[in-house]
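> Quick one: the structure is below, questions incoming.
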Amino acid sequence: MGFSKEMVIKAVKENGQNEGAVLDALLTYKTFEESPEDEQVLVDPCHAELASNVLDVYPDEEICENEEFKNLSTEKDRTVSLLVEMGYQAEEALAAIDRCSLDTPIAELVEFISAAQFAYHTDAQLGELSYDNKIHQHQKVCVLFLSELTCSSDLRFLNQLYTMFLVGFPKLNGPVYMSKKKRKYYDNEMQKLQKQRKYLEKQPMDHDNEIVHLPNPMVGFGVPNQPSPVLFQRRIPDEAEGRPYFYFENVALAPKGVWHTMSRFLYYIDPEFVDSKFFCAAARKRGYIHNLPIENRSQLLPTPPSTIHEALPHTKQYWPSWDKRMQLNCILTCIGSAKLTDRIKKAVEKSGDDEPLPGVKKYVIQQCKKWNLIWVGKNKVAPLEPHEMEMLMGFPPNHTRGGGISRTEQYTVLGNAFQVDTVAYHLSVLKSMFPDGISVLSLFSGIGGAEVALHRLGIPLRNVVSVEISETCRKILKSWWDETNQQGKLIHFHDIRMLTAHELEKCMSTFGGFDLIIGGSPCNNLAGGNRSTRNGLEGSKSCLFFEYYRIIELVRSMMRHR
DNA sequence: TACACGATGAATACAACT
DNA sequence: AGTTGTATTCATCGTGTA
């Protein structure tokens, strides 16, 4: 069929014996190979790989010693001329430097320009739309590209592109970078990709390979006091092995295909699905993708109460015998209203001291389960209090209190948090590995579930770089940090989308790299409770998963070559 | 202005059944 | 193997009120 031997070998290596995937990969290579020579630097699948290799040897420093550049007046001029030398226009180079700052490594500037060019092009294709709408369309296009390509170097390049869309390239407001020749080339590329997409959409999908099955019971690789599950071989590819360890979390009951995609991005590691009802008195079905060892885990002590009665003893005296609940449902971000509890009270009181009619009982139980209501008085139900949620989730008392936080916001941040005991069980294996403490990169930190878990395990927190967009959450974590008298350093970043490789490099050079990357990406567009925008990884919040992926890939590749 | 409330179902898994 | 019924779910939005 005209493919070169090297290509076929590469494709088989990356896709195994799956003929369809191999063919797809070959077609993709072919697409790129046919690019005109002088444009290759822009969309060549090897380009991203090249860039990351270059990054490893710090080319800008190396080249700085070259005589040719010493005569140039400023560092900026030097960088610009270097980029021009590489085939970029001076305007592009200047815009990139202005946007990224001058001391950004050359490889990152190159990636920025490449992504900006492609982004600009797709932007032109979308025509007249509102800014927000455009950004969202770009994200969609990117997700589609990303989910079609399986070659890892393609993924790296497109990931950079994706970042560009997220960051909002049109704000550049720069000149039109593309020459007519380039524009034509991009049009051509776009058409090919769209054709490929349509072709793939028509193909009958091999759904069996795409479905990630949830274990029943949901005990992951094992939980305390439960029979061990039958374990299939747990395979962690070499490139995902070892330090820095990573730990990713999200809702287990995401739309179909989402976990398969997330697993594909995170080195094809099988997710570990665990229900926190095996750790505390409330359910919480979550999936975790991590490369931690799973032997010799240990529980957090003291073990928390496992039933409603033990966890909330004051409810015992009011709990009717016909409410058979032993554990609570998942703690969400919204609570039942006062009027609802009122209606329930009236309905139950109608029957006096007798048991309510079956119809009433059914209604009450249904509402109690739906809204996680507990019995706090005679015939009286109420939603959980924030401090009760904190306790159930494994946080210290009043963790989310103070700092001018509203009650509603307390519920929101608690509903988004880790169940500390569950996460700590998985992280417990780190204790013997890092007896002197660990350096943590905490993404989407929220109220600091990861930090609390590590602290309660007795693992000293040497350095914590926390990325969290909500100011209230950052305040909560900071005040916990101060209250628990932490000796290490806590550094906050605001927006993960703005976190550059350069900033990470700076952190890592002072900390000696990271030991653990931990976090759960936003689930807003994955969660079952979302009626309006449950649109999967394309959603405006949940698409930040790809940022999580970007950071992991970045940190790990930087640390591999330190 | 900030906060609390109430209306807004569908997607998914699974047990039980034909 | 297909069908039916049951249970659960890290939510968003506009609106009224203090």
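> Given the condition in the same structural domain as A:Ala417 (by TED's automatic domain parsing), of a type outside the set (Lys, Arg), within 16 Å of DNA strand C (Cβ to nearest atom) and within 23 Å of A:Gly415 (Cβ to Cβ), answer yes or no: does some residue in segment A:355-366 qualify?
No: segment A:355-366 contains no residue that is in the same structural domain as A:Ala417 (by TED's automatic domain parsing), of a type outside the set (Lys, Arg), within 16 Å of DNA strand C (Cβ to nearest atom) and within 23 Å of A:Gly415 (Cβ to Cβ).
> Let me ask you something else. Of A:Pro255, A:Pro244, A:Pro215, which residue is out of contact with any Lys or Arg (no Cβ under 9 Å at 6 or more places or on another chain) and in contact (Cβ under 8 Å) with a residue 12 or more places away in the chain?
Going through A:Pro255, A:Pro244, A:Pro215 in turn, just one is out of contact with any Lys or Arg (no Cβ under 9 Å at 6 or more places or on another chain) and in contact (Cβ under 8 Å) with a residue 12 or more places away in the chain: A:Pro215.
> Which of the residues belonging to segment A:511-535 are farther than 22 Å from A:Ser466 by Cβ and open to solvent by 10 Å² or more (accessible area, probe 1.4 Å)? Before the answer, list the steps.
First pass over segment A:511-535, keeping only residues farther than 22 Å from A:Ser466 by Cβ: A:525-535.
The answer is A:Ala527, A:Gly528, A:Gly529, A:Asn530, A:Arg531, A:Ser532, A:Thr533, A:Arg534, A:Asn535.
> Which one is nearest to DNA strand C (Cβ to nearest atom), of the residues in segment A:369-401 that are more than 28 Å from the chain's Cα centre (by Cα), under 14 Å from A:Ala282 (Cβ atoms) and not in a loop (DSSP other than H, G, I, E, B)?
Filtering first and then ranking leaves A:Lys369.
> Please enumerate the residues belonging to segment A:493-510 that are free of Cβ contacts under 8 Å to residues at least 60 places away in the same chain and surrounded by fewer than 17 Cβ atoms within 10 Å (Cβ to Cβ).
A:His494, A:Asp495, A:Glu503, A:Lys506, A:Ser509, A:Thr510
> Ok, one more. Just give me the residues in segment A:505-535 being of a type in the set (Lys, Arg) and either touching a Cys at 6+ places or on another chain (Cβ under 9 Å) or in a loop (DSSP other than H, G, I, E, B) (or both), in sequence order.
A:Arg531, A:Arg534
> What residue, of A:Lys541, A:Lys475, is within 13 Å of DNA strand C (Cβ to nearest atom), open to solvent by 60 Å² or more (accessible area, probe 1.4 Å), closer than 30 Å to A:Asn398 by Cα and touching a residue at least 12 places away in the same chain (Cβ under 8 Å)?
A:Lys541
> Right, next: Select from segment A:329-353 the residues that are of a type in the set (A, V, I, L, M), assigned to a loop (DSSP other than H, G, I, E, B) and touching a Phe, Trp or Tyr at 6+ places or on another chain (Cβ under 7 Å) and list them in ascending order.
Within segment A:329-353, A:Ile335 is the sole residue that qualifies.
> All but one of (1) open to solvent by 40 Å² or more (accessible area, probe 1.4 Å); (2) outside any strand (DSSP E or B); (3) not assigned by TED's automatic domain parsing to the domain that holds A:Leu477 hold for A:Gly404, so report the exception by its number.
(3)
> If you don't mind, there's one more thing I want to ask. Taking A:Lys346 and the conditions (1) within 15 Å of DNA strand B (Cβ to nearest atom); (2) closer than 30 Å to A:Ala453 by Cα; (3) free of Cβ contacts under 8 Å to residues at least 12 places away in the same chain, which numbered condition does it fall short on, given that it satisfies the others?
(2)
> Of all residues being open to solvent by 10 Å² or more (accessible area, probe 1.4 Å) and of a type outside the set (D, E, K, R) in segment A:238-256, which is farthest from DNA strand B (Cβ to nearest atom)? Just the residue, please.
Result: A:Gly242.
> Turning to a different aspect of this structure: For segment A:271-295, which positions are under 12 Å from A:Phe221 (Cβ atoms) and open to solvent by 10 Å² or more (accessible area, probe 1.4 Å)?
Scanning segment A:271-295 gives A:Pro271, A:Pro293, A:Ile294, A:Glu295.
The values are calculated or read from the model by the stated rules, or taken from the named source; none is laboratory data. This is a predicted model, so every value here is computed, not measured. Positions of Cβ are backbone-derived with ideal geometry, glycine not excepted, and every protein chain shown enters the neighbour counts. Protein only, heavy atoms only, side chains kept; ligands, DNA and RNA dropped before computing areas. Shrake-Rupley method; radii C 1.70, N 1.55, O 1.52, S 1.80 Å.
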